[in-house]
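Take a look at the structure below.
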Amino acid sequence: MKILVTGGAGYVGSVLVPKLLEKGYKVCVVDNLMYDNGHTIIPFFKNSKFKFIKGDARDESLMNDLVPNFEFVIHLAAIVGFPACRKNPDLAKTVNVDSSKLISSLLSKDQGTVYASTGSNYGIIENEICTEETPLNPISLYGKTKTEAEEIFLNENGAVAYRFATAFGLSPRMRLDLLINDFVYQAINNKTLVMFEKTFKRTFIHVDDMAKSIVYAIENYDSMKNNTFNVGGDFNNYNKEEIALMIKNKVDYYLHFAEFGEDEDKRNYEVSYKKINDQGFFIEKTVEKGIEELIQACPALDSRSQYKNV
């Protein structure tokens, strides 16, 4: 099987691609390497089934030549996260929405598609556990663009759309702007963490499990297509205070809960994963295990821009 992965050199893609190659799939990655992240895919060139094209998912000529030639398209390319979308709103709209419109228009009904959506689509929903049927309430530009793109793929192609929990964990294209990754880095390197709105809830997923879920969708596509799935695990639902205290049990640092100020990334929700569990997929890595891995890796990391999306 031939699989096209847009954004395949990114945080999720660089974990996903080796899993696809191990399965024996032929994999082509299209990525514009906007974060100077070409190093993440260098090991893959040893595999004859891997191909890389430096290009943009918004490039109509390129996508027109590529998309029809693959049995599966995994659309990961995006401007990801509240800060990155706020900094480059026009770029966020064109990458997140326009590339989705383009790719969707080129797909046939015989091709499989997995779209990487997000739990940010839920926004702020209190006193309710979000299911796939919960009305979406995106607050940030990131959530709004991903919601629009999700609708495009579902309405036009019957794709599998994954509303991923907040990612964390180690990846070849490391990100330190993700909540848990950031908290661990600050605890170890700055020895202090100031937190706003400590009761805000998030749901989390290790990047390894994100990649595994995509492989699962490919292998079970007939029973999953034309559906949205929350992807995460009930055991990884936490509020921000609980995450900070879990880290504090392993790292000695100063933790301050601010009485004034606010978290600009407005997300506060709890999520049910019954639908994807009933389908047969379960995540494996706990937040605690991911924190332990991050603690071990932090001496090898620094806060250079290559580890952030802004």
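Just to be sure before I move on: is Asn69 in contact with a Leu (Cβ under 6 Å, 6 or more places away or on another chain), more than 27 Å from Thr166 (Cα to Cα) and surrounded by fewer than 20 Cβ atoms within 10 Å (Cβ to Cβ) in the structure I sent? No.
Looking at Thr203, is it in a strand (DSSP E or B) and under 30 Å from Tyr254 (Cβ atoms)? In short, yes.
Pairs are defined by a Cβ separation below 7 Å, a sequence spacing of at least 6 or placement on different chains, a first member in segment 27-40 that is farther than 15 Å from Ser171 by Cβ, and a second member that is of a type in the set (A, V, I, L, M) and in a loop (DSSP other than H, G, I, E, B); the pairs so defined are Val30/Ala57; Leu33/Ala9. Of the numbered conditions (1) over 23 Å from Ile283 (Cβ atoms); (2) outside the structural domain of Ile103 (by TED's automatic domain parsing); (3) at pLDDT 95 or above, Ile180 satisfies every one except a single condition; which is it? For Ile180, the exception is condition (1). Pairs, please: C-beta under 6 Å, at least 6 apart or cross-chain, first residue within 20 Å of Val95 (Cβ to Cβ) and among the aromatic types (Phe, Trp, Tyr) and in segment 127-156, second part of a helix (DSSP H, G or I) and at pLDDT below 95? Note: pairs meeting the criteria are Tyr142/Phe82; Tyr142/Cys85; Tyr142/Ser120. Take the conditions (1) surrounded by 15 or more Cβ atoms within 10 Å (Cβ to Cβ); (2) outside the structural domain of Val17 (by TED's automatic domain parsing); (3) not basic (Lys, Arg); Tyr216 misses just one of them, which is (2).
Tell me yes or no: at least one residue of segment 45-66 is within 23 Å of Phe153 (Cβ to Cβ), in contact (Cβ under 8 Å) with a residue 60 or more places away in the chain and part of a helix (DSSP H, G or I). Scanning segment 45-66, I find at least one residue that is within 23 Å of Phe153 (Cβ to Cβ), in contact (Cβ under 8 Å) with a residue 60 or more places away in the chain and part of a helix (DSSP H, G or I), so the answer is yes. The residue that is farthest from Arg58 (Cα to Cα), counting only those in segment 78-97 that are part of a helix (DSSP H, G or I) and among the hydrophobic types (A, V, I, L, M, F, W, C), is Phe82.
Taking the listed residues Asp208, Asp182, the one that is without any contact (Cβ under 8 Å) to a residue 24 or more places away in the chain, under 19 Å from the mean Cα position of the chain (by Cα) and assigned to a helix (DSSP H, G or I) is Asp182, with no other qualifying. The residue that is farthest from Val95 (Cα to Cα), counting only those in segment 19-37 that are assigned to a helix (DSSP H, G or I) and in contact with a strand residue (DSSP E or B) (Cβ under 9 Å, 6 or more places away or on another chain), is Leu21.
When Ile125, Ile74 are screened for being among the hydrophobic types (A, V, I, L, M, F, W, C), in contact with a strand residue (DSSP E or B) (Cβ under 7 Å, 6 or more places away or on another chain), crowded, with 16+ Cβ neighbours inside 10 Å and more than 20 Å from Ser14 (Cα to Cα), only Ile125 passes. The condition of being closer than 18 Å to Val160 by Cβ and either modelled with pLDDT of 95 or more or touching a strand residue (DSSP E or B) at 6+ places or on another chain (Cβ under 6 Å) (or both) does not hold for Gly55.
The values are calculated or read from the model by the stated rules, or taken from the named source; none is laboratory data. Predicted model, so just to flag it, every value in this text is computed and none were measured. Positions of Cβ are backbone-derived with ideal geometry, glycine not excepted, and every protein chain shown enters the neighbour counts.
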